[in-house]
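Worksheet for the structure shown next.
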Amino acid sequence: MLKNNREGVIFVVIFLLTGMVSWWMMLRPITDYDADRFDSLPTELNGWQAIDLEMDESVSEMLNADHNVQRAYFHEHGYVVFVYIGYYGTRRGGTPEHTPDICYPAQGWSIADAAERRIGGDDGLDLQEFLVEKDGEQRLVHFWYRTGHSTGITSIFGLRVEHFWGRLTRNRADGALVRLSTIVRDSDVPAARSRLLGLDVVVEAELARLWEGEPEGLQTALRKTGPSEAEGDES
């Protein structure tokens, strides 16, 4: 009987503490950040020159981000990498409503292969890689999620954990989806991967600069990695 009473008291205390913390987080004023800063992502990155791409209204409505950046980065040798950044503020929960594993099939693409990769060693950047196919065309896709204090997040669950910790410690839970893709020519996936890895590094480094603060140790790891040598033909 005594044991049951003790367990009941512990449960009530935990319940009350959880409620108090949740109520405290709800009452704290939310700090808004200017998402237009992502428009300052350089249009020239390590020899790649970008043009802004207009987003289809139906796609924009589906993504429902607070701010979108969509560009095509061209290399002088004819390669192209498409870069998309979708920013979601704290008031929106900082989480994309349509993630790549949902968006690509919704647009008629099938996911032929999926893997998780890391750039830069132990302190580097984790990302998800998809090989998608549609009407005989293949594209290689790299994407990850980031917040104001963490990056290389590869799942929505991980992003929500970061958001909870961010609200608890910094009253901030904004986040972004970062996605890069390129056309796979002649089934040469390694060449397509090389193109993406080179821009993964520099795009993330620029986002860390634009975002307030950056994950400790990441910039050093990315600088050590450096951009990959682009291969293949992209047009």
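The values are calculated or read from the model by the stated rules, or taken from the named source; none is laboratory data. Just so we're clear, the structure is a prediction, and the values are computed from it rather than from any experiment. Every residue, glycine as well, gets a Cβ built from its backbone with ideal geometry; the counts of neighbours run over all protein chains shown.
Could you check how many residues of the range 80-138 are crowded, with 20+ Cβ neighbours inside 10 Å, in contact with a Gly (Cβ under 6 Å, 6 or more places away or on another chain) and assigned to a strand (DSSP E or B)?
2
Collect the residues in the range 60-71 that are in contact with a strand residue (DSSP E or B) (Cβ under 9 Å, 6 or more places away or on another chain) and surrounded by fewer than 15 Cβ atoms within 10 Å (Cβ to Cβ), keeping them in residue-number order.
Ser60, Asn64
Checking the conditions here, which among Gly124, Gly166, Gly152, Gly148 is modelled with pLDDT under 90 and closer than 25 Å to Thr43 by Cβ?
It is Gly148.
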